[in-house]
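Heads up, the thing below is written out as structure tokens.
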Amino acid sequence: MMAVRTWGLPVLMVLVLAAGGAFGGLADTVSVVSRSIVAVGTYQAMRRPPSVFLGTGFAVADGRHIVFPGFQ
């Protein structure tokens, strides 16, 4: 798990920057990448408030994996 936290964000940034040239302009890149941004949080029905927002992450691979750079 430590390797994902250490290398996940830099690798993701390199992929996004490399894909920027493939997609053309900045606006095109933002529209493609923004579909992969997700909210990360927890939910416990008995807690008040029941949901706690922890930050944002990126859906990668087939969309079933989340990279959450802010996780400690």
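Values in this text are rule-based calculations from the coordinates and carry no lab data. Everything numeric here is computed off the predicted structure, so don't read it as measured data.
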- prompt: Rounded to a whole number of µm²/s, how large is the Stokes-Einstein D of region 28-72 at 10 °C and 1.306 mPa s, given Rh as the Kirkwood radius over C-alpha pairs?
  reply: 134 µm²/s
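Figure the gain on full extension for Thr42 and Ala59 (residue separation times 0.36 nm, minus the Cα-Cα span) and round it to one decimal in nm.
Additional length available on full extension: 4.4 nm.
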- line: Interchain or sequence-distant (5+) residues whose placed amide H lies within less than 5 Å of the amide H of Val40 are Leu54, Gly55, Thr56, Gly57
